[in-house]
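Before any comments, here is the structure.
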Amino acid sequence: MNKSTPSDLLAALRWRYATKQFDPSRHIPADVWNALEESLVLTPSSFGLQPWKFIVVRDPAVRERLKLESWNQPQATDASHFVVLAARCDLGEGDIDGWIQCLAEVQGQPVENFARLKGMIVGFAETMSHESRHAWNVRQTYIALGQLMAAAAMLGIDTCPMEGISTAAYDRILGLEGGGHATAVACALGYRAADDKYAEMPKARYPRERVIHRIG
């Protein structure tokens, strides 16, 4: 594996920002987009459960409707790609069984070998209310958002995470209602417009000493 250097990583993260204006004439090449989709697939999650669904919205008419439910933010329509990250509404035994089946197939083992793991996950889920399980799933989904944005930065793709949206309206427009998933957050991806004034603004971050504490 060819490794990026520490300076490559930091340069990419310093280069990225929450892009406010995208260039609608520029589109992410297919091979680059394929890698970004794969970065979503490869996102880590607690127990490996992957309690999410990623909806890539390509239809311009649908994106126009989503824009209206996003405080009219132009990123929803101007960016090359627009992804809605939806979280599982619950975490039931069926969800856990599906993951255990996948795990068994990938590792070439009988499902019975994972009975102890399944029992542990079921026990964990049963300690939470329905609302708490959904909130936990949403937090998992934000791991995927972070991975997507970091991967995009490494590939020179601009992003803008979007929480200023009506999640209920998104669910209705995207046909998610009653389907077991609900919108958590969205992310626009593409290339910054040449006149986006925010591109050159310095990042306002607390110094390392304030946010990083070392023990030992």
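The values are calculated or read from the model by the stated rules, or taken from the named source; none is laboratory data. Because the structure is predicted, anything quoted here is derived from the model rather than measured. FYI the Cβ positions are ideal-geometry reconstructions off the backbone, even for glycines, and counts take in every protein chain you see.
Numbers for the structure displayed
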read-out	value
Segment 167-183, residues that are closer than 13 Å to Leu66 by Cβ and of a type outside the set (Val, Ile, Thr)	Ala168, Ala169, Tyr170, Asp171, Arg172, Leu174, Gly175, Leu176
Filter result (outside any strand (DSSP E or B), touching a residue at least 60 places away in the same chain (Cβ under 8 Å) and at negative phi) within segment 34-54	Ala35, Leu36, Ser39, Leu40, Leu42, Thr43, Pro44, Ser45, Ser46, Leu49, Pro51
Residue in segment 190-206 that is in a helix (DSSP H, G or I) and under 20 Å from the mean Cα position of the chain (by Cα) present	no
Among residues of segment 144-170, those that are in contact (Cβ under 8 Å) with a residue 60 or more places away in the chain and either outside the structural domain of Arg26 (by TED's automatic domain parsing) or more than 25 Å from His27 (Cα to Cα) (or both), counted	2
Residue within segment 60-72 that is part of a helix (DSSP H, G or I), at pLDDT 95 or above, of a type outside the set (A, V, I, L, M, F, W, C) and within 15 Å of Pro161 (Cα to Cα) present	yes
Members of segment 15-41 found to be surrounded by fewer than 16 Cβ atoms within 10 Å (Cβ to Cβ), closer than 15 Å to Gly156 by Cα and either at pLDDT below 95 or among the polar types (S, T, N, Q) (or both), listed by number	Asn34
Number of the condition not met by Ile215 [criteria: (1) at positive phi; (2) loosely packed, with under 11 Cβ neighbours inside 10 Å]	(1)
Pair list, Cβ < 6 Å and 6+ apart or interchain, from segment 17-33 residues that are within 16 Å of Asp195 (Cβ to Cβ) to residues that are among the aromatic types (Phe, Trp, Tyr) and part of a loop (DSSP other than H, G, I, E, B)	Asp23/Tyr191; Arg26/Tyr191
Filtered residue count, segment 55-102, keeping only those that are under 19 Å from Gln140 (Cα atoms) and touching a residue at least 12 places away in the same chain (Cβ under 8 Å)	18
Residue within segment 125-132 that is surrounded by 14 or more Cβ atoms within 10 Å (Cβ to Cβ), in contact (Cβ under 8 Å) with a residue 40 or more places away in the chain and in a helix (DSSP H, G or I) present	no
Some residue of segment 182-189 being surrounded by fewer than 18 Cβ atoms within 10 Å (Cβ to Cβ) and among the small types (Gly, Ala, Ser)	no
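Let's see how each residue does on (1) hydroxyl-bearing (Ser, Thr, Tyr); (2) on the phi > 0 side of the Ramachandran plot; (3) in a loop (DSSP other than H, G, I, E, B):
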| residue | (1), (2), (3) |
| --- | --- |
| Asn137 | no, no, no |
| Thr141 | yes, no, no |
| Thr159 | yes, no, no |
| Gly164 | no, no, yes |
| Ala168 | no, no, no |
| Arg172 | no, no, no |
| Ala182 | no, no, no |
